[in-house]
Amino acid sequence: MTDFGFPASELPAFVATDTTGTESLTGRFTSAESALAFVRAGKATVTLVSVKTGVRFTYRATAKDDCIFVGLLNGPDNTSDYKYLGRIARGIFWAGRKSPRPGDISPDAPSARGFDWAWRHLVKGELPESLEIWHEGRCGRCSRKLTVPASIASGFGPECAGRM
Ligand SMILES: [Zn+2]
């Protein structure tokens with residue numbers, strides 16, 4: 001993890017291994033703008049970490065029509081095990097469904113409150129010091145695996161980066 005041709009400070013990535021034993025290079029966003037662009041890109045998987053408590057949640061943000069639907073990872077497979085958490089419409093995160101269903105994640109759950117809190121800061125252009133935001137080694141726009149250092153740093157593959 002040393003020789004990417006980048007100063008280490010510009011590439012805050014580490015190797016994560018998922019349950020299938022597949023390695024991916026995750027990356028940490030260093031600005032609110034880059035994190036926002038990623039979550040809004042269409043097919044983003046993003047992890048929020050509380051620096052204070054170490055609590056982490058992984059979300060999937062999927063753009064559809066004028067909304068971004070937000071799911072919470074709640075199983076071992078980070079490509080399929082997501083549960084509906086809420087949606088982002090006109091820049092605002094709305095936890096829960098319009099018509100709640102049994103077993104839904106409560107808008108008061110730490111995962112919902114955590115996303116809401118982070119989102120409120122990000123849209124104001126703030127990346128709180130107590131919050132880390134990571135991508136999971138996949139492009140935010142197309143979800144394909146990221147392989148080159150510039151992509152790990154930005155969260156977008158070369159093709160998608162050119163279309164943003
Ligand atoms: Zn892509």
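Tabulated values for the structure
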{"read-out": "Output for region 127-139, where each listed residue is among the acidic types (Asp, Glu) and either closer than 16 Å to Phe93 by Cα or crowded, with 16+ Cβ neighbours inside 10 Å (or both)", "value": "Glu132, Glu136"}
{"read-out": "Elements of type strands (runs of 3 or more DSSP E) in region 53-164, at least 1 residues being aliphatic (A, V, I, L, M), at pLDDT 90 or above and more than 16 Å from the ligand (Cβ to nearest atom)", "value": "67-73, 82-89, 92-95, 131-135"}
{"read-out": "Output for region 37-49, where each listed residue is under 9 Å from the mean Cα position of the chain (by Cα) and not aromatic (Phe, Trp, Tyr)", "value": "Val39, Ala44, Thr45, Val46, Thr47, Leu48"}
{"read-out": "Number of the condition not met by Ala153 [criteria: (1) touching a Leu at 6+ places or on another chain (Cβ under 6 Å); (2) within 21 Å of Ala89 (Cα to Cα)]", "value": "(2)"}
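The values are calculated or read from the model by the stated rules, or taken from the named source; none is laboratory data. Keep in mind that what you see is a predicted model, and the values were worked out from it rather than measured. Virtual Cβ from ideal backbone geometry, glycine too; neighbours counted across all protein chains shown.
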